[in-house]
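Working notes for the structure below.
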Amino acid sequence: MDIPRIFNITESAHRIHNPFTPEKLATLGAALRMEKGTRVLDLGSGSGEMLCTWARDYGIIGTGIDMSQLFSEQAKLRAEELGVVEQVQFIHGDAAGYVSDDKVGVAACVGATWIGGGVAGTIELLAQSLRAGGIILIGEPYWRQLPLTDDVAKGCLVNLISDFLMLPELLASFSRLGYDVVEMVLADQDGWDRYEAAKWLTMRRWLETNPDDELAIEVRAQLTSEPQRYAAYTREYLGWGVFALMPR
């Protein structure tokens, strides 16, 4: 069980697999006003930066599940590095359908809502692990400006314009699902740059040491095209944020 290998290659040096800086991640943790000992479930936990830093800074107890074997191993190493191995655990597995045995104060899926087949399904899945009075976290893209054509959407690596909403419409969609939006922290362009541009050096270094790998042609093509594509499309059109929700 694993994610496509290309993502393990391009994001192997990432600690945060979303367009968030460490400062934004800390801001989100502080905004939630979590008490020490709060249980946090993170579906699609990546390299564990959210759970590990929140365990260190806010005293949470966390469980993360991710399909990437590499990222799961990196998460465990990060827990050791920050001295929080007694507070967090990371499971290499499929988070789709995962429900915690113990109800949690924060149930999160930050940037991986395909786990539940989309935003609504992911919220429904997270709600099954949530204790009364708990908070759901959803990390999701939105349009900063609406593309005029589906070709522009495809330039953002999005199939259709309708795949994402403008920010006010996204917030309204949470309300229609029966949730109050109680906090949000939005990515800025620096966060997008750190997420996307950091891949380019990783790809270049990987190509230098793996010239004969079966994926070398694909990685070379991405390294050649991604800076221009990103600057022309994703950086201009896509926003991203983490939204804190509480059921009414």
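The values are calculated or read from the model by the stated rules, or taken from the named source; none is laboratory data. Quick caveat, the model's predicted, so the values are computed rather than measured. Every residue, glycine as well, gets a Cβ built from its backbone with ideal geometry; the counts of neighbours run over all protein chains shown. The area values use the complete protein model at the heavy-atom level, side chains included, leaving out ligands, DNA and RNA. Shrake-Rupley method; radii C 1.70, N 1.55, O 1.52, S 1.80 Å.
The table for this structure:
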item	result
Charge dipole magnitude, Cβ of K and R +1, D and E -1 - the chain, Cα centre, debye nearest 20	500 debye
Inter-site label distance for Trp114 and Asp101 at 7 Å from Cα along Cβ, in nm	3.0 nm
Table column - 3J(HN,Hα) (Hz), the range 49-58, Karplus curve with 6.51, -1.76, 1.60, x for Gly and Pro	5, 4, 5, 5, 6, 5, 5, 5, 8, 10
Interchain or long-range residues, amide H under 5 Å from Gly62's placed H	Val40, Val88, Gln89
Residue-by-residue Karplus 3J(HN,Hα) for the range 204-215, coefficients 6.51, -1.76, 1.60, Hz, glycine and proline x	5, 5, 5, 4, 5, 9, 9, x, 9, 5, 5, 9
Where GluC sites (Glu not before Pro) in DSSP loops with at most 10 other Cβ within 10 Å are excluded, longest remaining stretch of the chain	87-213
Calculated FRET value between Ala197 and Gln89, using beta carbons and R₀ = 22 Å, to 0.05	0.10
In order through the range 66-72: 3J(HN,Hα) via Karplus (6.51 cos²θ - 1.76 cosθ + 1.60), integer Hz, x for Gly, Pro	8, 7, 7, 5, 4, 5, 5
Of all DSSP beta bridges in the chain, antiparallel share, percent nearest 5	45 percent
The chain: most fluctuating residue of Thr27, Thr234, Thr209 per GNM, C-alpha cutoff 10 Å	Thr209
Relative contact order %, the chain, counting alpha carbon pairs below 8 Å whose residues are six or more apart	22 percent
Rg followed by Dmax, in Å, when the chain is reduced to its Cα trace	17.9, 56
Relative contact order of the range 3-69, defined on C-alpha pairs under 8 angstrom at six or more residues apart (%)	35 percent
Amide H contacts of Ala107 (H built 1.01 Å from N, under 5 Å, at least 5 apart or other chain)	Leu41, Ile135, Ile136, Leu137
Sparse-neighbourhood loop sites, trypsin sites (Lys or Arg not before Pro) in the range 9-76 - DSSP loop, at most 14 other Cβ within 10 angstrom	Arg33, Lys36
Simple label model, 7 Å out from Cα along Cβ direction - Thr224 to Arg56, nm	4.0 nm
Under-5 Å amide H pairs with Met184, H placed in peptide plane, nonlocal only	Ala244
Gain in span if fully extended, Leu77 to Arg33, counting 0.36 nm per residue against the direct Cα distance	13.2 nm
Heavy-atom accessible surface of the range 163-248: percent carbon and sulfur, 1.4 Å	55 percent
Protein accessible area in the range 40-119, 1.4 Å probe - carbon and sulfur %	48 percent
Gyration tensor (alpha-carbon) shape descriptor, the range 21-144, a/c threshold 1.5	rounded
Two-site label geometry, Ile6 and Asp213: point separation in nm, points 7 Å out along Cα→Cβ	1.3 nm
For the range 105-181: relative contact order, % (alpha-carbon pairs under 8 angstrom, 6 or more apart)	26 percent
The range 144-201 - charge dipole about Cα centre, Lys and Arg +1 at Cβ, Asp and Glu -1, debye rounded to 20	100 debye
Å² per residue, accessible surface of the chain at 1.4 Å	48 Å²
